[in-house]
Structures are given as structure tokens and as C-alpha cells.
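Data first, discussion second: the structure below is written as C-alpha cells.
The values are calculated or read from the model by the stated rules, or taken from the named source; none is laboratory data. Just so it is clear, the model here is predicted, and its values are computed rather than measured. Note that each Cβ is placed from the backbone with ideal geometry, even for glycine, and that neighbours are counted across all protein chains shown.
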Amino acid sequence: MSDTILVVDDEREIVDLLELYLKNEDYTVFKCYTAKEALECISTIRLDLAILDIMLPGSSGFTICQKIREKYTYPIIMLTAKDTEMDKITGLTMGADDYITKPFRPLELVARVKAQLRRYKKYSRAAAQSEHIIVHFGLVINIQTHECFLNEKPLSLTPTEFSILRILCENKGNVLSSEQLFHRIWGDEYFSKSNNNISVHIRHLREKMNDSIDNPKYIKTVWGIGYKIET
């Protein structure tokens, strides 16, 4: 699937020229000539990058930039006929990623588009990866692959042990009762199970992690309340 790019400029010749060059690189292009059209487009179309002229009828590229940044993180390149530091500072402050002054070489703009998309995709992949990996003092939990490592050595955990450790790590610093852990793991089956099961699983986890109950590095018992992992 090709990347989708929004081009916003009241000069139709510039928009048409950019469309030609971008389509030659297999990008899908949406064209807008006013801020109103652009705002409608960004709210209805999945975009990968936006190219915004600063001076537009009825509003400005800065306003569109601000609206995009309220919801989206994809790259924004600003276009302007002015070569002033203040315009650059304003655009970057409002969330723009790059800035190019008219007149410009279309091939240079295409190169900047490619560079911004590469950077954005690399960042997005890293962010997505970080969302399913939990790291805590030598403990690494990969939620997606259901693997757990302690000091780079694999921990062989049962599904319930893995779930308990994951939930505690996701709630670092907060105390979770046995009832809360049960509810998060088994849901509606909670009432058919014994609360003592949690303490048994916690004991097994500590044994596998060589974690002391008296001076724990990972799972701490808060007597009368539940369990937690310190931040």
C-alpha cells in the first residue's frame, strides 16, 4: 500500500507539480487549495505526511499544523515564500518537522518527503515494539512472544505466572490485591477459584526468580493488602 500525502497550497500550479512528482514515486496524493478543504481532509483520510503552505485563504498552514498535532504524529513539511527565522521557529514550535522556502526544486522536496517518511516509520516501529516489551531491573517481558528473561537468561513460566508478573510490572508502584489479580487473569471465572492460588503462584515466581520474600528485589508483599513491584 502506497503512502498517502496531503498537499495544501492555494497556488494550483504548485499543487499539480508536486502531485506529478510524488505520483512518480508511487505516492497517493490528496490536493487541497484552502484551509477548510485541508481540515476536512485530515479528519476523514488516513494520511502519512502533509505538505502545508503557510499563506492560505481564510487561515494559515500554522493553524492546520496545530490541528494535525492535536491527533496525529505523521510528518509535516511547511512551504512558504518567506525565508525568515520567525516563520521557521513558529512552524517548528507548532509541530512541523521540516521547512522549505519557495521557489524550491521539486526533487529536493521529494527527497525531504522520503527522509521524513523513513524517520517516521522507523520511530513508529520502535514505538510499537516498546509497547509490547516491559523492562524492569534486568527483567524483560515480551508480551507479544510471551517470553520472559531475567538478567538475559530465559525464565520458564506457566501462563498464569507470566500473567501475574506482567500485570504487576504494568502496574509498577501500585499494590494489587489477590482479588484484583484474579479478576484480571480469569475474569468471570474469579468466583470459582480459590484466592490461595495467587499466593502459590507468587511463591513459584519468587523461586524461579531467586527473589527473597524478606528482602525482595522484584515482588513485594504488602501485608494485608496484596503485592506490588517497586518503581
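Brief remarks follow.
- Every residue from the range 1-21 that is part of a loop (DSSP other than H, G, I, E, B), surrounded by 14 or more Cβ atoms within 10 Å (Cβ to Cβ) and under 30 Å from the mean Cα position of the chain (by Cα): Asp3, Asp9
- Residues that are among the small types (Gly, Ala, Ser), surrounded by fewer than 19 Cβ atoms within 10 Å (Cβ to Cβ) and modelled with pLDDT under 90, drawn from the range 91-114: Gly95
- Pairs, first more than 10 Å from Ile76 (Cβ to Cβ) in the range 95-117, second surrounded by 14 or more Cβ atoms within 10 Å (Cβ to Cβ) and basic (Lys, Arg), C-beta under 7 Å, six or more apart: Ile100/Arg112
- Every residue from the range 125-147 that is touching a helix residue (DSSP H, G or I) at 6+ places or on another chain (Cβ under 6 Å) and either at pLDDT 90 or above or surrounded by fewer than 10 Cβ atoms within 10 Å (Cβ to Cβ) (or both): Ile141
- Residue satisfying all of: in the range 61-90; polar (S, T, N, Q) and under 20 Å from Pro103 (Cβ atoms); modelled with the highest pLDDT among these: Thr80
- Filter pass, Leu117 being at pLDDT 90 or above, farther than 20 Å from Arg46 by Cα and not polar (S, T, N, Q): no
- Answer residue from the range 158-168, given it is more than 21 Å from Trp223 (Cβ to Cβ) and surrounded by 15 or more Cβ atoms within 10 Å (Cβ to Cβ) and is modelled with the lowest pLDDT among those: Thr160
- Residues being out of contact with any helix residue (DSSP H, G or I) (no Cβ under 6 Å at 6 or more places or on another chain), within 22 Å of Asp16 (Cβ to Cβ) and not in a strand (DSSP E or B) - total across the range 45-86: 6
- Scanning the range 179-226 for residues that are modelled with pLDDT of 85 or more, more than 17 Å from Arg166 (Cα to Cα) and among the hydroxyl-bearing types (Ser, Thr, Tyr) returns a single hit, Ser212.
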